[in-house]
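A quick write-up on the structure given underneath.
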Amino acid sequence: MESMNELGFYTLAGAPRSPRALIDEVRDAEALGLGSAFVSERWNIKEACTLSGAVGAVSTRLGIATAATNHNTRHPEVTASFATTMHRLTGGRFALGLGRGIEILFRVYGIPRITTAQVEDFAGLMRRLWRGETILGHDGPAGRYPVLRLDPDFDEAIPLLWTAFGPNSLALGGRVFDAVVLHTFFSDETLARCVAAVKRAAEQAGRDPASVRVWSCFAAIGDHLDPALRLKKTVGRIATYLQGYGDLLVKTNRWDPAVLARFRADPFVASFRSAFDDKATSDQLEHVATLIPEEWLAAAATGSPAQCAQKILGQFDLGADAVILHGASPSELAPIVEAYRAIRPAGRFDRLPANPAGPLLSR
């Protein structure tokens, strides 16, 4: 079956009970013709290096990206070595994806917050190491290192991907990275505005804007799923985001902050100490649903598989280069993907490689 490299999915979406579910997900994704598998990281059973290796071992065509891991939780040598190992293991299908992380968690765990300058410096270090350079006496925003070196024979072209949210991150993505992954539950207006910001930053940096691929991260939760599961993947998911970084999500979407304040002030929400998409019951999520406007939940592919497919196609019309079908496993996505294949524009995505941040293919 032809691979649709414009479509990706997140393996182990949400809070899985076992990472072994990844194996069947990857096989199902390749059978469906999905183009890329994205690996998110939670500090429990979703460690990104391990999961990336597993995806590489059980796949033959899928592009693979961490989306995202953090540059400051591993030594640069370790991260560069991980990426090179994945690059060679998969025959060039891997992209190293970085992100800022969740500031409140960093603060709790005593990890310094990530700055734009650090990330830009770190990206430069990765590319130099992959070219076989020996870096002596580095003293920059990413840290001080007497010696950094992998192998002088290296000349690896490993793409870098960035998960972006606010204006500084969007500009960084366009200026430095090969691809940018946006956040879930972006309104149409927000998606178009963020894509434009990335492309504008690329052009201002003297790069070809078309060379920076922008991925929409689009929740795809069709009516074919059980209602309780849909509630978890829509209300539970956005409520979890509002817990962790609601101010940024609301500000980016230009939503009403008073709604967020009411959400936080709700006695049940204020007392809930776990992620809503992991621990909340259906009855609890039905209550949470009363606190979230329909407008906020509408920024997703919902309805019948055919309706979801049309909404996915609409993401490209808003400027996205590719779409991650977020929040569902490949088996759950199957009816939507088949409906999308039936309306997929012939030839429109032929230049997209399997690598989710790789250079465009020649015409």
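If you go through segment 4-23 one residue at a time, how many are more than 28 Å from VAL78 (Cα to Cα) and in contact with a helix residue (DSSP H, G or I) (Cβ under 8 Å, 6 or more places away or on another chain)?
Final tally of qualifying residues: 3.
Mind checking which residues of segment 113-145 are surrounded by fewer than 16 Cβ atoms within 10 Å (Cβ to Cβ), part of a loop (DSSP other than H, G, I, E, B) and within 22 Å of the chain's Cα centre (by Cα)?
ARG113, THR115, listed by residue number.
Looking at this structure, is GLY35 exposed (fewer than 15 other Cβ atoms within 10 Å of the Cβ) and over 22 Å from PHE276 (Cα atoms)?
no
Only one residue in LYS199, LYS251 is surrounded by fewer than 18 Cβ atoms within 10 Å (Cβ to Cβ) and within 30 Å of VAL180 (Cβ to Cβ), so which one is that?
LYS251
Among (1) surrounded by fewer than 21 Cβ atoms within 10 Å (Cβ to Cβ); (2) more than 20 Å from HIS87 (Cβ to Cβ); (3) over 17 Å from the mean Cα position of the chain (by Cα), where does GLY166 come up short?
(3)
For ARG200, are the conditions met, namely being in the same structural domain as GLY63 (by TED's automatic domain parsing), in a helix (DSSP H, G or I) and of a type in the set (D, E, K, R)?
Considered against the rule, which asks whether it is in the same structural domain as GLY63 (by TED's automatic domain parsing), in a helix (DSSP H, G or I) and of a type in the set (D, E, K, R), ARG200 comes out as yes.
Conditions tested, residue by residue: (1) aliphatic (A, V, I, L, M); (2) modelled with pLDDT of 95 or more.
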{"residue": "GLY33", "(1), (2)": "no, yes"}
{"residue": "VAL78", "(1), (2)": "yes, yes"}
{"residue": "THR90", "(1), (2)": "no, yes"}
{"residue": "ILE104", "(1), (2)": "yes, no"}
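Is one or more of the residues making up segment 202-218 within 24 Å of ILE104 (Cα to Cα) and either under 18 Å from the mean Cα position of the chain (by Cα) or charged (D, E, K, R) (or both)?
Yes; the residues of segment 202-218 include at least one that is within 24 Å of ILE104 (Cα to Cα) and either under 18 Å from the mean Cα position of the chain (by Cα) or charged (D, E, K, R) (or both).
If a residue counts only when it is of a type in the set (Phe, Trp, Tyr) and not assigned by TED's automatic domain parsing to the domain that holds PHE165, which strands (runs of 3 or more DSSP E) contained entirely in segment 1-77 have at least 1 such residues?
Here the list is empty.
Could you list, in sequence order, the residues of segment 247-291 that are outside any helix (DSSP H, G or I) and at pLDDT below 95?
Scanning segment 247-291 gives ARG273, SER274, ALA275.
The values are calculated or read from the model by the stated rules, or taken from the named source; none is laboratory data. Everything numeric in this text was worked out from a predicted model, so none of it was measured. Don't worry about glycine lacking a Cβ; one is built from the backbone with ideal geometry, like all the others, and counts go over all protein chains shown.
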